[in-house]
1. Please go through region 259-285 and give me each residue that is modelled with pLDDT under 95 and assigned to a strand (DSSP E or B), ordered by number.
2. If we keep just the residues of region 57-81 that are over 23 Å from ALA124 (Cα atoms) and among the aliphatic types (A, V, I, L, M), which is nearest to the chain's Cα centre (by Cα)?
3. Test ARG346 against the criterion of being open to solvent by 60 Å² or more (accessible area, probe 1.4 Å), in a helix (DSSP H, G or I) and of a type outside the set (Ser, Thr, Tyr), and give yes or no.
4. For GLY334, state whether it is in contact with a strand residue (DSSP E or B) (Cβ under 8 Å, 6 or more places away or on another chain), of a type in the set (Gly, Ala, Ser), in contact (Cβ under 8 Å) with a residue 24 or more places away in the chain and under 30 Å from SER113 (Cα atoms).
5. Pairs under 7 Å by beta carbon, first residue under 16 Å from SER357 (Cα atoms) and assigned to a loop (DSSP other than H, G, I, E, B) in region 229-246, partner open to solvent by less than 10 Å² (accessible area, probe 1.4 Å) and of a type in the set (Gly, Ala, Ser), six or more apart or different chains?
6. Return the total of residues in region 61-83 being buried (at least 18 other Cβ atoms within 10 Å of the Cβ) and not hydrophobic (A, V, I, L, M, F, W, C).
7. Any idea which residue in region 90-133 is surrounded by the most Cβ atoms within 10 Å (Cβ to Cβ), counting only those that are of a type in the set (Asp, Glu) and under 25 Å from LEU199 (Cβ atoms)?
8. List the number of the failed condition for GLY151; all other conditions in (1) at positive phi; (2) of a type outside the set (Lys, Arg); (3) crowded, with 21+ Cβ neighbours inside 10 Å hold.
Amino acid sequence: MSAKRELRIGMIGHRFMGRVHSHAYRNVGTFFDVPFTPILQVIAGTNIQSVEQAAHTLGFKEAESDWHRLIERNDIDVIDIAAPNDMHAAIAIAASQAGKAVLCEKPLAINLSEAQTMYRTVVAHDTAHMICHNYRFVPAIQLAHDLIQEGRLGQIRQIRAHYLQDWMLDQPHRSSWRFSKSRSGSGALGDLGAHSIDLARFLVGEFSEVVSLLHQGIRDEVDSVDDSCMFLANFQSGATGIFEATRMSPGNRNSNRIEIDGDKGSLRWDLESMNLLQLYLHEDDEKMQGFRTIHCTSPVHPYASHYWPAGHSIGYETTFITLISQFLIGISHGRCQSPDFYDGYRNQLILDAVERSAVHHSWMTVPL
């Protein structure tokens, strides 16, 4: 068997997402027959001491303090963007122009203009690219998608989604870049709500209009972000939705929950029990009606066969391993896998409409 071609990774960002992405590259070949062997070549960040430590811990050959040098190097094939949101556009555009494949964390950008430019750039340069909406790759979510596409739930009528965390309660000084609007673009809306929006698009389809309320709990800070958001939505299909996101909900460590109702059945899923999909089908025998719980770890469940035997639960990190596998396959075939920058751009259109609605106190149309 001939050796696989090496694909050399240059990663920008070394904290939470940098660790997660590095883990995925190191382990993707264990679970998937991918066309490349990822090589962790260089990792970059602003503090060279911290980056050198990260390079040692995460398995990179070199550390770098200036991301521009990664773009210039000939021994880098992929630029992986795990940096703060305000850096996404400049890095992605430069990498695309340099002919490198690009993987970018979500949200795609800090505003709609940047997202549009990023999308147009990768299209113009025929760049292989993806965005890290990793929850699409949970087997239970993939099964939910299949059931909806097969018509098992009938005509979709309603979607309810929330993403609730409580870690902000332990951040009294709000020193993270995630609390700066100029660096993050938004608060709970872009950090958490973007995930709910992507799952809604993946499962139900395109949004048509939204009306929202954004709440800023601490109002004496300049450049601060929303601490919680709520919005209603209408979809192109005629379905309606209600969404909520906050990082200040005590006891909700990471409750990314979605419920979908059709005229023939319903389903619901929560990240805190990510292997389980609850399904109700109205066609069931009347004596047996009620939600059933499906443990989505059997070989028949999407992507589950790549991991452990049936009944052996998978975790958060596997969503990124699966995503990276699809990214590598896309690069080998010369095409983009979904979710790509178009999905990131569509997501940003909705984020923008939600923010504008909160300012104008009215419904806002989401452009097609």
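The values are calculated or read from the model by the stated rules, or taken from the named source; none is laboratory data. Not measured: the values here are computed from a predicted model. Don't worry about glycine lacking a Cβ; one is built from the backbone with ideal geometry, like all the others, and counts go over all protein chains shown. Heavy atoms of the whole protein, side chains included, go into the accessibility calculation; ligands, DNA and RNA do not. Shrake-Rupley method; radii C 1.70, N 1.55, O 1.52, S 1.80 Å.
1. Passing the criteria: none in range.
2. LEU58
3. Judged against the criteria, ARG346 is not a match.
4. Details: in contact with a strand residue (DSSP E or B) (Cβ under 8 Å, 6 or more places away or on another chain): no; of a type in the set (Gly, Ala, Ser): yes; in contact (Cβ under 8 Å) with a residue 24 or more places away in the chain: yes; under 30 Å from SER113 (Cα atoms): yes.
No, not satisfied.
5. none
6. Keep residues of region 61-83 that are buried (at least 18 other Cβ atoms within 10 Å of the Cβ), which gives 63-64, 67, 70-71, 76-83.
Adding the requirement that they be not hydrophobic (A, V, I, L, M, F, W, C) leaves 64, 77, 80.
Residues flagged as buried (at least 18 other Cβ atoms within 10 Å of the Cβ) and not hydrophobic (A, V, I, L, M, F, W, C) within region 61-83 amount to 3.
7. Taking region 90-133 as the starting set, the residues that turn out to be of a type in the set (Asp, Glu) are 105, 114, 126.
Still in the running and under 25 Å from LEU199 (Cβ atoms): 105, 114.
Working: GLU105: 25, GLU114: 22.
In this case the residue turns out to be GLU105.
8. (3)
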